[in-house]
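Okay, structure first, notes after.
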Amino acid sequence: MEQIHYDRLQETLYHEVMDNGLQVYVLPKPGFLKTYATFATKYGSVDNHFHVEGAEETTVPDGIAHFLEHKMFEEPEGDIFATFASNGASANAFTSFDQTVYLFSATENIETNLSTLVDFVQHPYFTDENVEKEKGIIGQEINMYADNPDWRVYFGLIEAMYSKHPVHIDIAGTIESIATITKETLYTCYNSFYHPSNMLLFVVGGVEPEKVFALIRSNQNSKSYGKQGEIKRIFEAEPEAVAKKRLESRLAVSMPKCLFGFKEKASGLTGEAAGRRDLTTKLMLDLLLGSSTALYQKLYDEELISDSFGHEFNSSPQYAFSAIGGDTKDPDLLLKRIREEIDLVLKSGFAEKDFERARKKKIGGYLRMLNSPENIAHEFTRYQFGGGDLFEVLPVYESLTLAETNQRLRDHVDWEQLAVSLVVSP
């Protein structure tokens, strides 16, 4: 068992790799009543074409990672949610572009719930009957999201940006794609991506690390896993240019929704370099469009934006893009005003005092986040799968410079790489 001390944060992280390759991390939080655990696999919606060493190259239907997540909760004895509830735990799961995470939170019966979490994820149960039943359930979910304006405007933006990379495909897939899923394809994906060597267990809260590691060692030693070959994800080359400059959807909305962003040209960043770019970009977007900026206030006073206006930055080695916007009465005027103001900032750069204020705000938000077991767990796993370290964010923020942030603004804001997604009334 390895101990990793972060003196400035006054945190000690415990780490051990099980014999089967499973990465286990424990972050004790003395005095915390709640314990939060996540069991994650580095497998998400974009992983639809892959090759595992020793097996054939495989292409699977869109939406299968999300479908698999749903099916994992079904056991021969019944629904696993009931098992967690009987032991005082709240359980859930989610699938993103690049990971699937199973989790629970509880204040009691931690060891029992931890065993339940690991055991059900490592015990798939797929039958022809339960797979067919799930198609109807997920089909309803797909239709529900198709009627959700926020979901439509968000995936409309990604669809406008990307033409080849599967990031532009809805995480749940389509009615047509899930119709082709079988129990055999589910087992293929499970056996490829749910091997312990591709997974990470993280436990944070009022726990004793020694007891957690003893429990997981015993649990994993009771199961048999062969050696897993290297997983190679295969992606078709993505053009640098956006697929569409503008994509418009029509739904019954009281006010139009406008989301726009910039598709990055450069890709391939991993580890510390990718993490630094992400933090710099998010700081830059706060400086440019955050709620405390003069531009935000101007747009708010002109009633071109509301409290729904916000921004984010998403990235992986194969894709990276910003998403900015919200509800607006006049999307075209909003875009015109924002472009005018951003062009002024591109010429002048950010002011030193604004940069320092925004950076301190980011540092404060990061330190507050470390008091939330839920946020720590989700961010920790995301950083680990990306080759970074959540607990090394503070020194990165402290080392960022105004010149670096201004350069990031110039690199990211390329009007040729702008895409716009709208949802308007019929």
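The values are calculated or read from the model by the stated rules, or taken from the named source; none is laboratory data. None of these values were measured; they are calculated from a predicted model. Reconstructed Cβ throughout: ideal geometry from the backbone, glycine too, with neighbour counts over all protein chains shown.
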Query raised in the report: Any idea which of Ala237, Ala241 is within 26 Å of the chain's Cα centre (by Cα), of a type outside the set (S, T, N, Q), modelled with pLDDT under 95 and outside the structural domain of Gly386 (by TED's automatic domain parsing)?
Result: Ala237
Report summary line: Reported set for segment 72-99 where residues are modelled with pLDDT of 95 or more and of a type in the set (Val, Ile, Thr) is Thr95
Report summary line: Glu240 meets each of (1) acidic (Asp, Glu); (2) farther than 22 Å from Glu379 by Cβ; (3) part of a helix (DSSP H, G or I) with one exception, condition (3)
Report task. Give the residue that is surrounded by the most Cβ atoms within 10 Å (Cβ to Cβ), with candidates limited to residues of segment 213-234 that are part of a helix (DSSP H, G or I) and of a type in the set (A, V, I, L, M, F, W, C). Result -> Ile216
Query raised in the report: Considering Gly386, Gly349, Gly365, which residue is free of Cβ contacts under 8 Å to residues at least 12 places away in the same chain and either of a type outside the set (Phe, Trp, Tyr) or at positive phi (or both)?
Result: Gly365
Requested in this report: Inspect all residues belonging to segment 287-301 and state whether any of them is among the β-branched types (Val, Ile, Thr) and under 30 Å from Ser45 (Cβ atoms).
Outcome: no
Query raised in the report: In segment 21-37, is there at least one residue being assigned by TED's automatic domain parsing to the domain that holds Glu134, modelled with pLDDT of 95 or more, surrounded by fewer than 18 Cβ atoms within 10 Å (Cβ to Cβ) and farther than 27 Å from Arg217 by Cβ?
Result: no
Query - Elements of type helices (runs of 4 or more DSSP H) contained in segment 317-426, each with 1 or more residues being under 14 Å from Lys282 (Cα atoms) - result: 352-369, 393-399, 402-412
Report summary line: Output for Cβ contacts, cut-off 8 Å, separation at least six or different chains, first residue modelled with pLDDT of 95 or more and polar (S, T, N, Q) in segment 319-334, second assigned to a helix (DSSP H, G or I) and buried (at least 21 other Cβ atoms within 10 Å of the Cβ), reads Ser322/Thr281; Ser322/Leu285; Ser322/His412; Thr328/Leu334
**Report entry** Any hit, segment 354-369, residues being touching a strand residue (DSSP E or B) at 6+ places or on another chain (Cβ under 8 Å) and surrounded by fewer than 20 Cβ atoms within 10 Å (Cβ to Cβ)
**Finding:** no
Query raised in the report: From the list Leu295, Leu269, Leu259, Leu285, which one is without any contact (Cβ under 8 Å) to a residue 40 or more places away in the chain and either crowded, with 18+ Cβ neighbours inside 10 Å or part of a strand (DSSP E or B) (or both)?
Result: Leu285
Query raised in the report: Does segment 92-106 include one or more residues that are in contact (Cβ under 8 Å) with a residue 60 or more places away in the chain, in contact with a helix residue (DSSP H, G or I) (Cβ under 9 Å, 6 or more places away or on another chain), within 14 Å of Ala40 (Cβ to Cβ) and of a type in the set (Asp, Glu)?
Result: yes
Query raised in the report: Just to be sure, is Leu157 in the same structural domain as Ala40 (by TED's automatic domain parsing) and more than 24 Å from the chain's Cα centre (by Cα)?
Result: no
Query raised in the report: Can you name every residue in segment 136-161 that is charged (D, E, K, R) and modelled with pLDDT of 95 or more?
Result: Asp150, Arg152, Glu159
Query raised in the report: Only one of these conditions is not met by Tyr6: (1) closer than 18 Å to Glu184 by Cα; (2) modelled with pLDDT of 95 or more; (3) of a type outside the set (A, V, I, L, M, F, W, C). Which number is it?
Result: (1)
Report task. Mind listing whichever residues of segment 202-234 are in contact with a Phe, Trp or Tyr (Cβ under 9 Å, 6 or more places away or on another chain) and more than 30 Å from Asn375 (Cβ to Cβ)? Result -> Lys232, Ile234
Query raised in the report: Can you find a residue in segment 249-268 that is hydrophobic (A, V, I, L, M, F, W, C), closer than 20 Å to Tyr154 by Cα and in contact with a His (Cβ under 6 Å, 6 or more places away or on another chain)?
Result: yes
Report summary line: Within segment 247-286, residues among the polar types (S, T, N, Q) and touching a strand residue (DSSP E or B) at 6+ places or on another chain (Cβ under 6 Å) come out as Ser249, Thr281
